[in-house]
1. Does the range 193-201 contain any residue that is surrounded by fewer than 14 Cβ atoms within 10 Å (Cβ to Cβ), modelled with pLDDT of 95 or more and part of a loop (DSSP other than H, G, I, E, B)?
2. Any residue in the range 97-117 that's closer than 25 Å to Glu256 by Cα and touching a residue at least 40 places away in the same chain (Cβ under 8 Å): show its pairings with residues that are hydroxyl-bearing (Ser, Thr, Tyr) and open to solvent by 10 Å² or more (accessible area, probe 1.4 Å) at Cβ separation under 6 Å, as long as the two are six or more apart or on different chains.
3. Collect the residues in the range 43-86 that are over 24 Å from the mean Cα position of the chain (by Cα) and of a type in the set (Gly, Ala, Ser), keeping them in residue-number order.
4. Which members of the range 44-63 meet the condition of being of a type outside the set (A, V, I, L, M, F, W, C), free of Cβ contacts under 8 Å to residues at least 40 places away in the same chain and loosely packed, with under 13 Cβ neighbours inside 10 Å?
5. Taking the residues in the range 156-179 that are in a strand (DSSP E or B) and open to solvent by 10 Å² or more (accessible area, probe 1.4 Å) as candidates, determine which candidate is modelled with the lowest pLDDT.
6. How many residues does the range 25-34 contain that are part of a helix (DSSP H, G or I) and surrounded by fewer than 17 Cβ atoms within 10 Å (Cβ to Cβ)?
7. Could you look through the range 1-15, keep only residues that are within 14 Å of Leu207 (Cβ to Cβ) and either touching a residue at least 24 places away in the same chain (Cβ under 8 Å) or part of a loop (DSSP other than H, G, I, E, B) (or both), and pick out the one that is most open to solvent (accessible area, probe 1.4 Å)?
8. With (1) touching a Ser or Thr at 6+ places or on another chain (Cβ under 6 Å); (2) of a type in the set (A, V, I, L, M, F, W, C); (3) surrounded by 15 or more Cβ atoms within 10 Å (Cβ to Cβ) as the list, and Leu66 as the residue in question, which single condition is left unmet?
Amino acid sequence: APEASEEQIRGTASFLRQPEDEIKNILAVGLPLPLARTSTRTEADLVVKRLMALGLNARFIDDQELMPHAAGPKLVRALDLTDASISLNTPGSGESVKFAWSDISLLVRGRFREKRTEINERQGKRQDKELVDVRELTSDEMVLDVYAVNGWHGRITATGFNFSCLGAEKTFATGQNFNTLVERMRLQATEAVLDDTYQGARTALDLAWPLTQKSEALGWKRHSLGKISTDAAMITDNELQFTRYSRLRYLLNAAEKETAT
């Protein structure tokens, strides 16, 4: 409901116990986006019923539909492209699958972003830790999810992909190669939709699907006079968020096609 009234926004925010601005930003995107996560199906049904009563078009989607495979999508490292078909090489599973272009139903493009903060601390005289150094590292990688018949889900990331399938169009610039590949697939997969909406929806996803945070111990060092320093890293990334969003777009796209037929 991109044109939701102030009363609807107020009622939704009150029910979900969230700031009105958060709800307004989500609804303003104009796409079906998650508003809440619940721990049980009973709670989810209650949320859907209440949102529908407020005039919003809401539905329940189980986490199993968003993450049907524990290992996630199949990582694609190389492609073989012909006028009639596409072969996807997924070395991690020892599998190479081949589809007619008409079997490709959806392409979802996005970016993986990771922020890594490394912290070096030293044990002080009074057992308190002294901050010695902080380093911040960020990475940004283009990604494309490919969906085919029977729900097959593959993933192409710019790093580590073999762009030889581009032939004479291949350059030394990874970003340019990635964009060329996406455009070529878009043109040949005439039955597929190219979904570029993740970037515009990304910040509105944080309410229900926040970024993943984890810590990593990097070891310790002994210095003179028995002093010890420790290194640790805090890592924040959006990979799981993008995977959920990608699957959401697939489920909605499949539902639209089913309704159309």
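The values are calculated or read from the model by the stated rules, or taken from the named source; none is laboratory data. The shown structure was predicted, so the numbers you read here are calculated from the model rather than taken from an experiment. All Cβ positions, glycine included, derive from the backbone under ideal geometry; neighbour counts span all protein chains shown. With ligands, DNA and RNA removed, areas are computed over all heavy atoms of the protein, side chains included. Shrake-Rupley method; radii C 1.70, N 1.55, O 1.52, S 1.80 Å.
1. Yes, because at least one residue in the range 193-201 is surrounded by fewer than 14 Cβ atoms within 10 Å (Cβ to Cβ), modelled with pLDDT of 95 or more and part of a loop (DSSP other than H, G, I, E, B).
2. Qualifying pairs under 6 Å: Leu106/Tyr250.
3. Listed by number, the residues that qualify are Ala53, Gly55, Ala84, Ser85.
4. Quick first cut of the range 44-63, residues of a type outside the set (A, V, I, L, M, F, W, C) only: 45, 49-50, 55, 57, 59, 62-63.
Keeping just the survivors that are free of Cβ contacts under 8 Å to residues at least 40 places away in the same chain gives 45, 49-50, 59, 62-63.
Across the range 44-63, the qualifying residues are Asp45, Lys49, Arg59, Asp62, Asp63.
5. Within the range 156-179, the first condition is being in a strand (DSSP E or B), and the residues that meet it are 156-157, 162.
Filter again for open to solvent by 10 Å² or more (accessible area, probe 1.4 Å), leaving 157, 162.
Details: Thr157: 97, Asn162: 94.
My answer is Asn162.
6. Applying the first criterion (part of a helix (DSSP H, G or I)) to the range 25-34 yields 25-28.
Remaining after also requiring surrounded by fewer than 17 Cβ atoms within 10 Å (Cβ to Cβ): 25, 28.
The total comes to 2.
7. Looking only at the range 1-15, we keep the residues that are within 14 Å of Leu207 (Cβ to Cβ), and these are 9, 12-13, 15.
Then keep just the ones that are either touching a residue at least 24 places away in the same chain (Cβ under 8 Å) or part of a loop (DSSP other than H, G, I, E, B) (or both); that gives 12, 15.
Working: Thr12: 1, Phe15: 53 Å².
Only one residue tops the list, namely Phe15.
8. (1)
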